[in-house]
Amino acid sequence: MANKQGITPALTDSGLSRLYRSHAVEQHAIQSEIRALVIIAGYASDFLTEELEILPEDFFTCVEEMKEVMESIDLKSLDFEQRSLTLQRTKRRLEAKATRQNRQKEV
């Protein structure tokens, strides 16, 4: 019986379940960073709607924070992409191994 990721119990011993967990954690981290970016952008936007002649220092602080969060998202997304590729390769390798073993059992 396969679990929600489509992994049979025999494949979970191979470390694939660990890869799925770390993949999910990384995805959650990126989502959290994006939510933080939206919140900071909201604060920056509030400063623009106040019709000020000169923007306050807090506006520029928000812009700097958004830059930092965007850099962090960029790095995390690169890690996420690499983990995705590793996960796909591992899953294919294990599926091929399981297929070979099933064929050997049939013979």
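The values are calculated or read from the model by the stated rules, or taken from the named source; none is laboratory data. Since this is a predicted model, take the numbers as computed values, not measurements. Neighbour counts are summed over all protein chains in view; Cβ atoms, including those assigned to glycine, are modelled from backbone coordinates with ideal geometry. Note: accessible area is taken over every heavy atom of the protein model, side chains too, but ligands, DNA and RNA are not part of it. Shrake-Rupley method; radii C 1.70, N 1.55, O 1.52, S 1.80 Å.
Remarks
- Within the range 24-47, the only residue that satisfies the criterion of being open to solvent by 90 Å² or more (accessible area, probe 1.4 Å) and among the charged types (D, E, K, R) is R35.
- On inspection, S84 does not qualify as under 30 Å from A44 (Cα atoms) and in contact (Cβ under 8 Å) with a residue 40 or more places away in the chain.
- Matching residues in the range 48-76 - criterion: being buried (at least 16 other Cβ atoms within 10 Å of the Cβ) and of a type outside the set (V, I, T): F59, C62, E65, M66, K76
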